[in-house]
Amino acid sequence: MSAEENTNVQPETSADLNKDRRNWLIATSVMGGIGGAGVVLPLVNTFAPSEKAKAAGAPVEMDITGMQPGELRTIEWRGKPVWVIRRTPEQVADLNKNDANLADPKSERSPDALTPVYARNEGRSIKPEYFVGVGICSHLGCSPNAKFDKGAQPSLPGDWLGGFLCPCHGSTFDMAGRVFKNKPAPDNLEVPPHMYLTDTKILIGEDKKA
């Protein structure tokens, strides 16, 4: 740079230096505040319950709009599969034909945790047409398979009227989730607390109005 050019450059005054110092301090404080917030928020979120945790024991709604006779729908409640089955008129009529072969046809020995009082009937249901049950075998927690067709099938008797077969150890249940005699499963399938909010909506996990 030439001497002539140097004459155009003004040296920084003490006021300029102080101004720069103040700007630098402000910028540093702001960034520090942002960084601090970034540290605090995760800690706060750690102690707040997650949406999954809040929902773990909460009731869930099942929409049964348009369900056809013989159809099964599944929804998760408390980490368990809950079946809602719309039984056909024939399946409802066949329920009393199984009684002699069932271990607990009236759910009399079943605790309330497995069969609420309002489900201690032939269909183990509030409405005869619909069965609401937990799809977990009472033996070792396997999930039974739906076997709704009538008649002899592999691992099923010739007079089979429809129901469920647990593939793990061969326990069988009828269309009301009632276990057959002389099977490994000790109890009927669980009927969860539930109630009808409308004709097409079932609340599973709560039964205050049932």
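Descriptive notes on the structure:
- Label-to-label distance, Asp104 versus Asn145, with points set 7 angstrom from Cα along the beta-carbon direction: 2.6 nm.
- Compared with the direct C-alpha span, the chain from Gln68 to Asp112 gains 12.9 nm at full extension, assuming 0.36 nm per residue.
- Residue pairs, from the table Lys150/Lys208; Lys183/Lys208; Lys97/Lys208; Lys147/Lys208; Lys106/Lys208, whose Cα atoms sit over 29 Å apart: Lys150/Lys208; Lys183/Lys208; Lys97/Lys208; Lys147/Lys208
- Neighbour cut-off at most 13 other Cβ (10 Å), DSSP loop, trypsin sites (Lys or Arg not before Pro), the range 109-139: Arg109
- Length-normalised contact order of the range 55-204 in % [C-alpha pairs under 8 Å, at least 6 apart]: 27 percent
- Separation between Cα centres of the range 61-97 and the range 149-171, rounded to whole Å: 18 Å
- Contour excess over end-to-end distance, with Cα ends at Asp159 and Ile75 and 0.36 nm allotted per residue: 27.2 nm
- Shape category assigned to the range 45-186 from the gyration tensor of Cα positions, a/c cut at 1.5: prolate
- Per-peptide packing, taken as the mean over residues of other Cβ atoms within 10 Å, places 187-197, 170-180 in the sequence 170-180, 187-197 from highest down.
Read-outs throughout are calculated quantities, based only on the coordinates presented, and are distinct from any laboratory measurement. Just so we're clear, the structure is a prediction, and the values are computed from it rather than from any experiment. Positions of Cβ are backbone-derived with ideal geometry, glycine not excepted, and every protein chain shown enters the neighbour counts.
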